[in-house]
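A short worksheet on the structure shown next.
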Amino acid sequence: MSEKQSINFLRGVPAEEALSRLIPMASEGYEKVIRRYGTDVLQYGHFSGFKPLRDLIGSLHHVNPERVIVGNGGLEVISLFFKSLPRESNIIVEEASYDRVVLDAKVYGHHLIGVKLTPEGVDLNEFREVANKKAVAAFYGIPFHQNPTGINYTEENRKDVERICREHSIPCVWDICYQALRYDGKTNGSIEVSEWGPILTSSFTKTISPGTKCGYMIVPNHYVGHLSGIIANTRINPNLPTQAFIADFIESGRYDDFVKYLCKLYRPRMEALNAALHSQFPGAFPVAISGGFFAPLTLENISSDKEASFIESAKQGGVGVAAAWDALAPNCKEEKRKKGLFIRLTFPAYEPDKIEWGILKLKEIAERLA
Ligand SMILES: Cc1ncc(COP(=O)(O)O)c(C=O)c1O
């Protein structure tokens, strides 16, 4: 294999060929909806999102569309939710979570309390202990193909978490943005939403495109007014042409077809990553992933003092990686650091042979520095 190869395992971007395939559909779709809705999508308005898209999402999740807030991406609606909580709230998160969410929560002065993850989901004993001891304003978790660990919660674990949250009146927020992106031929079950919750948040970034930037949140009825007030004072309306395009994309059936295409495209890439990690780093990668965008890797031989040289050597060798410390809850960082360098690897944008080459390269560098 040529030394000129390179791969960037850092940023979880969709495959270029998937975005290229979207070009004619997006061009047609945007034109169609601007002609159809005219000034309704060009003017101010629809603070909680474009009504036809809220209706569609409401019917998809079997909830009153009044409870659906559609915004400019998953991160935006999560951030608005964090903004809506009293400052310096306690929030339970998984020990490792979506790094931007971890960083954003801190902007509002919130205290994040990480609980351990197991291959089944959250460690329930730890979760219960925190819920019993502290006044907690919310739990945020990623139950499908978790970012960054790739863990897919069992339904039982998810329901137990919901039950504990409910018993302690803790709003349970599930970020389901990877739910549809399962590549092992199976389908993830859906999460039932009742009046109390759970709160669901999702995004079309990975299932359509990051550039179109659209995500949503489903909150209990009683929370809609408070959250809407925060939204109105933060960004007035979201991007309406995008939301109209997405509504049309879903309604036409092309969204479902596109997601199926993505799952087919990403399957061999995921399998290549699983196989390469399994053979090059046995034990360092305990759970094979079944979908999503990420897999974790802990390099036991790379202690803190070797971290910078490992990352630099990888870069010189054509492999982009970074430490994933920003993804860790503050109370879990020290413990995790003792176990070696923790990195997050992404794969959907790369062909299987490139992924295999990149993992082999990481293995060679890790051995050289050990
Ligand atoms: C768990 C999770 N939630 C939300 C997002 C962000 O979505 P958006 O681009 O719609 O803000 C991501 C993107 O990587 C993610 O991994």
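With respect to the conditions (1) in contact with a strand residue (DSSP E or B) (Cβ under 6 Å, 6 or more places away or on another chain); (2) within 25 Å of TYR44 (Cα to Cα), ASN188 falls short on a single one, namely (2). Across the stretch 184-204, the qualifying residues are those that are within 16 Å of the chain's Cα centre (by Cα) and not aliphatic (A, V, I, L, M), and the one among them that is farthest from the ligand (Cβ to nearest atom) is ASN188. Is the stretch 78-86 home to any residue that is farther than 30 Å from ARG344 by Cβ and either assigned by TED's automatic domain parsing to the domain that holds SER313 or out of contact with any Lys or Arg (no Cβ under 8 Å at 6 or more places or on another chain) (or both)? Scanning the stretch 78-86 turns up at least one residue that is farther than 30 Å from ARG344 by Cβ and either assigned by TED's automatic domain parsing to the domain that holds SER313 or out of contact with any Lys or Arg (no Cβ under 8 Å at 6 or more places or on another chain) (or both). Given the structure, is VAL33 β-branched (Val, Ile, Thr) and in contact with a Gly (Cβ under 6 Å, 6 or more places away or on another chain)? No.
The C-beta contact set for the stretch 294-320 (first residue part of a helix (DSSP H, G or I), second residue charged (D, E, K, R) and buried (at least 16 other Cβ atoms within 10 Å of the Cβ), distance under 7 angstrom, 6+ apart or interchain) comprises SER304/ARG337. Only one of the listed residues (SER313, SER309, SER303, SER290) is of a type in the set (S, T, N, Q) and closer than 30 Å to SER209 by Cβ. That residue is SER290.
Residues being among the β-branched types (Val, Ile, Thr), surrounded by 19 or more Cβ atoms within 10 Å (Cβ to Cβ) and modelled with pLDDT of 95 or more are entirely absent from the stretch 10-32. Looking across the stretch 321-348, the residues that are in contact (Cβ under 8 Å) with a residue 24 or more places away in the chain and out of contact with any strand residue (DSSP E or B) (no Cβ under 8 Å at 6 or more places or on another chain) come down to ASP326, ARG337, PRO348.
Pairs are defined by a Cβ separation below 7 Å, a sequence spacing of at least 6 or placement on different chains, a first member in the stretch 56-85 that is within 9 Å of the ligand (Cβ to nearest atom), and a second member that is basic (Lys, Arg) and in a helix (DSSP H, G or I); the pairs so defined are LEU75/ARG100.
Output the residues belonging to the stretch 245-283 that are over 23 Å from the mean Cα position of the chain (by Cα), crowded, with 16+ Cβ neighbours inside 10 Å and in the same structural domain as GLY74 (by TED's automatic domain parsing). Within the stretch 245-283, just ASP248 meets the criteria.
The values are calculated or read from the model by the stated rules, or taken from the named source; none is laboratory data. Here the structure is a predicted model, which is why all the values come from computation and not from measurement. Don't worry about glycine lacking a Cβ; one is built from the backbone with ideal geometry, like all the others, and counts go over all protein chains shown.
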